[in-house]
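Taking it in order: structure first as structure tokens, then the write-up.
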Amino acid sequence: LDFLPEGVEFVSSQDCSVGLNPPPFTRIHCQVGTLQEGETVTVTLTARVTPDFDGQLLCNLARTFSRETSFVQDCHKTPVTREPSLEVRKSNDRQTVQPGQPLIYTIQVINHGPATATNVVLSDPLPEGVTLTSTPAGCSFDSQSRTVTCDLGTLAPGSTSVTIEVFVDPNFDQCVIN
């Protein structure tokens with residue numbers, strides 16, 4: 001038996017199934033069969049900490065028993081950290097662009113959670129051969145380093161986007177990598 005504490009969800013296991021749930025636990029039942037003297041069986045299950053878990057230490061209780069023995073149990077303690085997981089995706093509005101044409105980049109910043117990210121800053125160095133058309137709201141442009149910097153502040157789980165419009169220089173004849 002494995003008892004998942006409140007704030008932890010069962011995901012999967014090849015060895016176990018979810019049993020009746022005496023609140024606030026989720027009971028996981030694992031049938032391991034007959035064990036010979038000295039024999040060991042390992043059972044693996046996957047669970048996840050829910051976003052609303054408010055503790056700092058997770059104690060997962062496992063018990064085993066047989067017809068010949070009483071309950072034997074162990075509690076594995078795991079610290080829970082609440083750190084955001086950030087991802088950035090960049091795309092543009094066309095596959096190819098000719099010199100003298102505008103090009104729009106969309107940069108999506110995604111916070112996969114579980115926690116809110118603070119003091120989020122997006123930095124996008126522009127390549128040679130393009131000129132920034134206008135600075136997006138909440139952003140600044142350093143012409144010396146050719147970098148657009150956006151102070152996104154606090155980002156709860158979810159995403160936000162920044163759109164950067166540039167103009168491809170009319171005499172530019174190379175590949176623009178950004």
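The values are calculated or read from the model by the stated rules, or taken from the named source; none is laboratory data. All values derive from a computational prediction rather than experimental measurement. Every residue, glycine as well, gets a Cβ built from its backbone with ideal geometry; the counts of neighbours run over all protein chains shown. Accessible surface areas use protein heavy atoms only, side chains included; no ligands, DNA or RNA. Shrake-Rupley method; radii C 1.70, N 1.55, O 1.52, S 1.80 Å.
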| Filter result for the condition that a residue is of a type in the set (D, E, K, R), at pLDDT below 90 and open to solvent by 20 Å² or more (accessible area, probe 1.4 Å), over 173, 142, 151, 169 | 173
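For (1) in contact (Cβ under 8 Å) with a residue 24 or more places away in the chain; (2) open to solvent by 50 Å² or more (accessible area, probe 1.4 Å); (3) among the aliphatic types (A, V, I, L, M), each residue gets a yes or a no:
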position	(1), (2), (3)
13	yes, no, no
17	no, yes, no
38	no, yes, no
49	yes, yes, yes
54	yes, yes, no
77	no, yes, no
88	yes, yes, yes
95	no, yes, no
| said: Could you go through region 9-16 and let me know if any residue there is farther than 20 Å from residue 114 by Cα and modelled with pLDDT under 85. | reply: yes
